[in-house]
C-alpha cells in the first residue's frame, strides 16, 4: 500500500534521513522506534510532504507522491497526526471533528465507505459527552483521541501517527491502543513513530531508526506463522 524507496531528507545542509526504504501493507501496523533525534518525526513529515528537501520515491497505492503537496496527499488518503496534535483549541470537539470532513464528503454520506461522526464516537465513546467542550479544556489523552478522530474524518485510509501514546495517562493509553487495534482490524494501515514500546505487541513490523538510518527491521512472529 505504501512503499518508500531510498528516501533521504535534509534540513538545509544537514542531512536527517539516509537512504530509507520500507513498505507498509494494507491493514498492517508498522512502528518506527528510536530515541529522540533519531529522525522519526522527520520521516513522517517527509511522507506527508512537509519537508522542503526530500529525495527518493514514495508510492501510495501505486502512485508516486513526490512533488505532491500535503493537501493532495491527504486527499489521496494519507492522514497525519503530529506530536503536538494541532487542534483548534477555541473550537468545540464537534467543530474540530466536522471541520475535517472533505467538501465532497458532506455530499456523499450515503457512501458505504464514508466515516462519520457516529463512527468516531463509537471508536472513542468518551468524546460523546464532550462534543460541546472547547478542545482547550481537554486532557492530553482526550486531545489525542480528538486528533485521531479528526484525522479519520478526512476519510484517511492510512494514519501517520507521531507518538500517539506519549505523555498521557495509562488508562487513556489503553483506550487509544484498543482503538488503533480496531482500526487495523477494519483494514486501515498504520505507520506510528514511538520512543517507548507501548504498541509493540500490536505491531506487524518494527523499524528501528538511529541517526537517520534504518538500522534493522523486526517482523512480528504473527506474520511468520503458517
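Ranked by the mean number of other Cβ atoms within 10 Å of their residues, highest first, the peptides 40-47, 170-177 fall in the order 40-47, 170-177. Name the residue, out of 90, 156, 16, whose mean-square fluctuation peaks in a Gaussian network model built on the chain with Cα pairs under 10 Å. Comparing 90, 156, 16 in a Gaussian network model of the chain, the most mobile one is 90.
When the helix-only estimate is applied to the chain (DSSP H runs of n ≥ 4, each -39,500 (n - 2.57), divided by the residue count), what is the mean residue ellipticity at 222 nm, nearest 500 deg cm²/dmol? Could the numbers behind the result be given before it?
Numbers: 6 runs with 58 residues, N = 226.
The per-residue figure over the chain is -7500 deg cm²/dmol.
The long axis of helix 170-185 is offset from the longest Cα principal axis of the chain by roughly 80 degrees. Please state the shape class of segment 1-70: rounded when a/c is under 1.5, otherwise prolate if a/b exceeds b/c and oblate if not, all from the C-alpha gyration tensor. Oblate.
Note on the chain: GNM, Cα springs under 10 Å; of 53, 143, 13, the largest mean-square fluctuation is that of 13.
Summarising the strand pairing of the chain, around 55 percent of its internal DSSP beta bridges are antiparallel. DSSP bridge analysis restricted to segment 130-226 gives an antiparallel fraction near 55%, rounded to the nearest 5. Seen against the Cα atoms of the chain and their longest principal axis, helix 140-153 is set at about 90 degrees. Relative to the current alpha-carbon distance between residue 166 and residue 92, full extension at 0.36 nm per residue lengthens the span by 24.3 nm.
Run the numbers on segment 129-203 and let me know its relative contact order in percent, using alpha-carbon pairs under 8 Å that are six or more apart. Spell out each step's value before the answer.
Working: 50 pairs, mean separation 26.7, N = 75.
The value is 36 percent.
Read-outs: derived from the displayed coordinates by stated rules, not from any lab. Just so we're clear, the structure is a prediction, and the values are computed from it rather than from any experiment. Using ideal geometry, Cβ is built from the backbone for each residue, glycine included, and neighbour counts are taken over all protein chains shown.
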